[in-house]
Every structure is written in C-alpha cells, then in structure tokens.
Amino acid sequence: MNAPGRHLRRKQFFFRMYSGPHMRIGKHRRTVVSNVKTFVAFLAALLAGACGSPPNNPHRADDSSSNYYYDTFMAPPKHLDPVRSYSMDEAIFVCQVYEPPLQFHFLKRPYVLEPLTAAHMPEVSERFIDGALHTVYEITIKPGILYQPHPCFARDEHGGLRYHALTRADTRGFLQVSDFANTGTRELVAADYVLQMKRMADPRLNSPVLSTMAKYILGLDDYAAGLRSQLQAERAARRESGGMLYNQREDEKRNPIRLDYDGIEFPGAELVDRYTYRIIIKGRYPQIKYWLAMPFFAPMPQEALDFYAQAPLIVRGITLDRFPVGTGAYYIETYQPNRQIILARNPNYRFEPYPHQGEPDDAALGLLSDAGRPLPFIDRAVYMLEPEYITAWNKFLQGYYDTSGITSDSFDQAVTMTERGVGLTDLLQDQGIGLITAVTSSIWYFGFNMRDSVVGGLDEKQCKLRRAISIAIDIEEHLDIFNNGRGIPAHGLIPPGIFGYLEGRAGMNPYVYDWDEDQQRPVRKSIEEARRLLAEAGYPNGIGPDGKQLTISFDNMMTGSSYAPYLNWMLKQFRKLNINLVINTTDYNRFQDKINSGNFQFFSWGWNADYPDPENFFFLLYGPNARHGHGVENTTGYVSARYDELFRRMETMDDTPGRCALIQQMHATLQHDAPFHFGYFPVGYSLYHQWYFNAKPNLMGRNTLKYKRIDGELRDQLRREWNRPVVWPLALFALFVLLACVPAAVIVWKREHRP
C-alpha cells in the first residue's frame, strides 16, 4: 500500500477535507458532509487493515504457514557455475543444486565421507603408467537418478530438443529460465562427471582449482594447454576475418566459441560404462576423496552447455552461471539477485532417507527424530537480500527469518555470560530461540601483496615491515571490540580440530608474541618492538627513504555503514606506527576481482575449510597457486622455495608425527616471512527459532538444506502473537480528526435547519 500514486491521493483527500468547510460552505455543504462520511469510512478501513497486516513482513501473506524456509544473503552471488564457484555465499545455493559423488555425513563427528550419487565409496587401486605409480579411483553411480526439470531437456513432439535452436524472437521478454513453458529431464550418467572434469581446463572459465588439480590428475595440465591452443587458434582466425574493427567480446557474445572437449586426449578421466568412470591420480593424493564431495566434481549435462551457449540467451543474461541445473534436492526457481533467490524442491529427487546414526547425544537432542524419513523436508527456501545486518536481525526477532547469526551490534541483545558459560538473554529465551556455538574450521586473516614493491618481497627488511604491522594490529583488541571475544587469535594457518594444530608455547608465533610464564599464555609484543622493526625496515617513525610518510592501501568489502567503526579502528592500528592507511572499499564482487588480479597492497579475507585436512589451509600459500589473474587460491602471490618443498612433502602424507613435524617447519617459515597477519579463528554463534528442526552445524558439508525441517503452522501462530499491530495511536488520531470535523458539521446542520 505504499505506491507513490496511492500516497499522493491520500494527501489530496486530506487537503479537500480541511479546505472545504472554511472556504466554500454554503454551496458545497453536501460535499462537506459526504467527505466527512468518506473519511470516517477510510479510517475504519485503515484500522481494519492495520489489525490484519503484521508490520515489516517481507514475505507474501499467503505463504505465512507454508513449509518454506526463510533466510537472507548480503550480496548477489558472483558465480553459480560449479566449476567456477569457490565462495561461501555462493555455496549456499550451488551445493543444494549440484551433487558430486560423495558427501559428508550430516551428523557424525569427526567428519565422515559417504556416498551421495555414488553407489558405494570409490574403489582404489594402483597402476603403473610409463614406469610411474598412479592411483586409480573407480566410481560407480546409482542408476535411475534424474536431473531437475529444466528447459534444456525439453523435447518436442518429434523427440528433438525443443529449445536448442532459439532466435531472439523466441526469447523476447525472457528474464528467467522459468519463462520457458516446457521442461524435461533425463537420467544422470557417468559421462556427465567426466564432462565436468574437462570443463575445469576450459581457459574461459578460470577455474580456481585448476592449478591444484593439474598437479594430481593425470594429463589435466596438457589437456588445459590443448584447449588454450584451440581457443587461441579460433580467436586468431576470427580476428583476421573481422579486420581492424573486430570486437572479440561482442563477437563471442553473438557467436560463442564451442571448444571440442573430445578432440583432445585426457587420460586422467576414463569412462568405463554408462554408470562407471575412473580418475587417475599421479602418485598418491589421498585428499582427492574430499574433493569428490565438492561441486567442482559434480555432473554437468551436455544439453545444459549446448542450451546456454545460444546467443539469444547470453545477451539476456540467462547463463549457466546464474541458472544452474543439477540433480540436487533443490533447483533455483527464481533468481533476482538484487531482491530474492528462491530454491524449490526438486520433484524428480530420488529417495534419500534422513540418517539413522549420529553422535551419542544426537538422539537426546531430537536430531534423530526424523530418521528414515525421505528428504528433503522443505518445499521452498526463500533468500532475501538484506545488505544491512540490523534490518535482518530485527526481522529475525519478528519471526520473518528462521535463523540468524550474531554480530557485535546485536550480541548484548542475544547472549549473556553465566557461570555455566554462554547463554541466551531472557528476551530470546522467552521466544524459544535456540543457540549453537562452535569453533569454525576457518580463519580470518590479513594478507600482503607479496609482489608489491613496498609491502612484498622476501628481503629481510620487507619481512620486518610486515612483522611490525602484524604486531601493531592488535587482534585481541579486535576480538573484544568487534567480536565480543568470539574467536581464537591465530599463530598459524591451522585452526583447532585440524591435524597439526598446537596449543600453548609450542604453537606460538615468536615474531609477534612473547611467552608469559606467570600467565602461561602468549602476550603480544609491545608497540615499541614494532616501531624498532619498522625502523630496521627503512621506515623510522613511518618515514621512508624519500622523506615521505609510508602509505599503504587497504582493500576490503565492508560496504555497509555498520563497518565504519571497524575501518576507523584499522586506521588507528596503523597510526601507532605513523603509517598512513588508505581505505579502498568496494562490493564483494569487485573486491574478488581486485584480489584475483593482484591489484592491491593489503587486504582482509577469510577461508573456510573445504575438508578437514591441513593441506586445505597450507595450499593457500603454495607457490604454484600464486598466479594472479587466474582466480587461484594463493591470493598474496607468496612464493618460497623452502615452503613449497615442505608443502610437497607434507601434502600426501598420512597423519603421523612426521607430518606434524613438517607442519611446524612450514609454520616457522610463514611466521618469519609474514605474508599473512594470521588474524583469528572465528567461533560461530547461530540462532534458530523453535519451529526450525535438525539444527546442527556441519562445517564441511554445504548441502544441508535438505535435512532441515520447518513447522510452518507454529511459525505462523507465533508470528501473529509477536507482531500484533499497535493501533491505539491511529485510533487516537482518528478521534482527533473526527472532533475537528464537529464544528463544520454543526454549521452545516444549522444552515440546513435555518428558518
């Protein structure tokens, strides 16, 4: 009811009401009485509407008791193509749509892999190729698995693919995949998994894991080189044919290049039969089993690639990167990234039961109540864009969102510290809200551009500059001010719970901390020590050899107004060393582009483990992963021969004391070189309403929406109780207006009854 036209008409009505009696009574007294009656009716309708419409509700009223899940996202996802997506905000959607062969068990801890689309766990064998040992992983998928409904599979009355020869007229006005009238499906086959592995090597996709996978999968590097040559040859031919005015971007938009994936040999992926394929690993790489639970190894149907390669769809932004297609429990029904993203239940989803087993306490916590029931439980998941956390928080308290994190702004409203530890405030307890806490398998760090002429390099002076900054940035103060203590200061890359993490003095970073014998804990070195290091680095009191104050730029994605105190705090940390910090704030997508291209000096970012192994953290600084411009994992560009040699020895080892010793050597190297200020390991706090069931954090699995259950009727009932409109101010206003109308009505009555 907030349309501008409607609002304007209300203003005009009030103006007529008040101007009439004083300006034109005699001739228009009937109009005055009529307006009074109309206004009374209007107020009555307004009061009735207020009583029936809960305030601030971002959802459709018709869906109030539906089996829907409501959540938020803070920025539009950049990639939904599984070969390109490598961000937590994207995984929320990607991992519900796509299904790799394996998954992490929802309830068991420590984390356990289990089959997802695979009929059983991969069969592992060894094979000698050209005299070298290789490991073979043979994967057999379950027959009968169907893809989600999608127009790429739709067929006409003759059995041909209906939408694979589209013209611009065919798609006029289309914005979503749902605009197509017909959909179809087909069975999942092993060739779809092989095709996805080949897509990792497509140079146009810039897969963030290509450099890592090429080290281990047989022939993937040569296959990628072959595709690059094929692409370059086609582009060269087009440029020569197009002449001086040729525009490559526009040409490939109108006439996309289709690379011949099958025209180049790829020995690392063998197709055995309709349901079986093999992955050939060079030597040993036991972590490949974890990668098989990630979307990079999910299936991709050829029909989808052909469908999305059509120019009429590309020019309209209808691409695989926005409208994915998989076999998962949910598909993207609505994609409006500047407003909402809706996932709907896959009607073709096979029978998959809720797990029967978990940890010892799971039964008592009600986490096994749904054992054996078919997944998924929720019909739709509605994600609303909420750039400001405080808005989302208030709507959560009103019951309009089912779950919520806790920021520093809302911490005191939500959490209280008791003798038993962390608890909820009376306000949240009265609403039946639940709390889950867990040390996350993640790290929030600050990174330096190691290729930058000022903050980069491995010269001892440059290392001292970075160490001085690491001392100055007081992460303990940061946790107290902005995280309410919800974090553990990091002395290395590996968080608690991952093999190789050491507590106490053995795990301390000696370049940033000293050991306090009395308190038996690390204590941050003094700012005087940081200033001494800064002077030895060539910047006494922050002044460089050129006589100018040292200036460093800080790139971040903290665009909301609520981040202003944090950014001011960062300025303060650098002022301790008389360093001028320049704040460069951009949205998350632009931030990713700058980091991936190496266009930065200093930044902050986080990493959440893909799998529970130290290799998944240490590869963030592995030299061959440091090619800026390719969306790779080593965002700093750090390259150290010593570190890389230790990494290669550590990565394929089993968890033995020997591996632990190598990990400590790697940490010592990183602590000396300081490409990272290690930051902290976050402690996650999450809240959920009483109508939200099976709430258990799974820090490895991302496809957990299918396990969640919502009691929509209970939610609707409590929402109504919590959001009863306060109508007395409106009633008081109506009474005031009516009393103001009495004199005019009396005058009209007297004139009508005048002798």
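Since every read-out is calculated from the coordinates, none of them should be taken as a lab result. This is a predicted model, so every value here is computed, not measured. As a convention, Cβ positions derive from the backbone with ideal geometry for all residues, glycine included, and neighbour counts pool all protein chains shown.
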Cα gyration tensor of the stretch 79-320, axes a ≥ b ≥ c as square roots of the eigenvalues: rounded (a/c below 1.5), prolate (a/b > b/c) or oblate?
-> oblate
Shape of the stretch 417-566, Cα gyration tensor, a/c cut at 1.5 = prolate
Using a/c under 1.5 as the rounded threshold, could you call the stretch 443-681 rounded, prolate or oblate? The axes a ≥ b ≥ c are square roots of the C-alpha gyration tensor eigenvalues, and prolate needs a/b larger than b/c, oblate otherwise.
-> rounded
Given the pairs Lys142/Lys198; Lys215/Lys461; Lys198/Lys282; Lys78/Lys282, which span a C-alpha to C-alpha distance of over 24 angstrom in this model?
-> Lys215/Lys461; Lys78/Lys282
Taking neighbour counts of Cβ atoms within 10 Å as a proxy for exposure, in what order, fewest first, do Met650, Met213 appear?
-> Met650, Met213
Straight-line reach check, Lys706, cutoff 16 Å on alpha carbons, 8 or more apart in-chain or any other chain, hits among lysines -> Lys696
Counting other beta carbons within 10 Å of each Cβ, put Glu503, Glu333, Glu651, Glu157 in order, fewest first.
-> Glu157, Glu503, Glu333, Glu651
About the Cα centre of the stretch 407-538, what is the dipole size in debye to 20, counting +1 per Lys and Arg Cβ and -1 per Asp and Glu Cβ, all else neutral?
-> 620
What area, in nm² and to one decimal, does the C-alpha convex hull of the stretch 496-581 cast on average over all directions?
-> 8.6
For the pairs Lys464/Lys525; Lys572/Lys594; Lys525/Lys576, note any where the Cα-Cα span goes beyond 19 Å.
-> Lys572/Lys594
Fewest-first ranking of Tyr566, Tyr501, Tyr147, using other Cβ atoms within 10 Å as the exposure measure = Tyr566, Tyr501, Tyr147
Residues whose built amide H sits under 5 Å from the amide H of His134, excluding neighbours closer than 5 in sequence, are Arg127, Phe128, Ile129, Gly283
Choose one of Tyr223, Cys152, Ala293: the residue whose Cα lies farthest towards the positive end of the charge dipole of the stretch 79-320 (beta-carbon charges +1 Lys, Arg; -1 Asp, Glu; about the Cα centre).
-> Ala293
Looking at the stretch 223-292, which GluC sites (Glu not before Pro) are DSSP coil and have at most 16 other C-beta atoms within 10 Å of their C-beta?
-> Glu265
In the stretch 418-480, the GluC sites (Glu not before Pro) that fall in loop regions by DSSP, at most 16 other Cβ within 10 Å | Glu419
Length-normalised contact order of the chain, Cα under 8 Å, at least 6 apart, in percent, tallies to 18
Picking from Ala537, His478, Ala674, whose Cα lies most toward the positive end of the charge dipole for the chain (charges on Cβ: Lys, Arg +1; Asp, Glu -1)?
-> His478
Cα-centred dipole magnitude for the stretch 106-173, charges only on beta-carbon of K, R (+1) and D, E (-1), debye, nearest 20 | 400
Please get the size of the charge dipole for the chain, origin at its Cα centre, with Cβ charges of +1 on Lys and Arg and -1 on Asp and Glu, quoted in debye to the nearest 20.
-> 4120
Run down the lysines and flag those whose C-alpha is under 21 Å from the C-alpha of Lys750, throwing out any fewer than 8 positions away in its chain.
-> Lys27, Lys37
Dipole-positive endmost among Val742, Tyr566, Ile332 within the chain (Cβ charges, Cα centre) = Val742
Pick out, in residue order, every one of the trypsin sites (Lys or Arg not before Pro) in the stretch 96-199 that is DSSP loop and has at most 16 other C-beta atoms within 10 Å; say none if there are none.
-> Lys108, Arg168, Arg172, Arg186
For n ≥ 4 DSSP H runs only, could you compute -39500 (n - 2.57) per run for the chain, divide by its residues and tell me the 222 nm figure to the nearest 500?
-> -10500 deg cm²/dmol
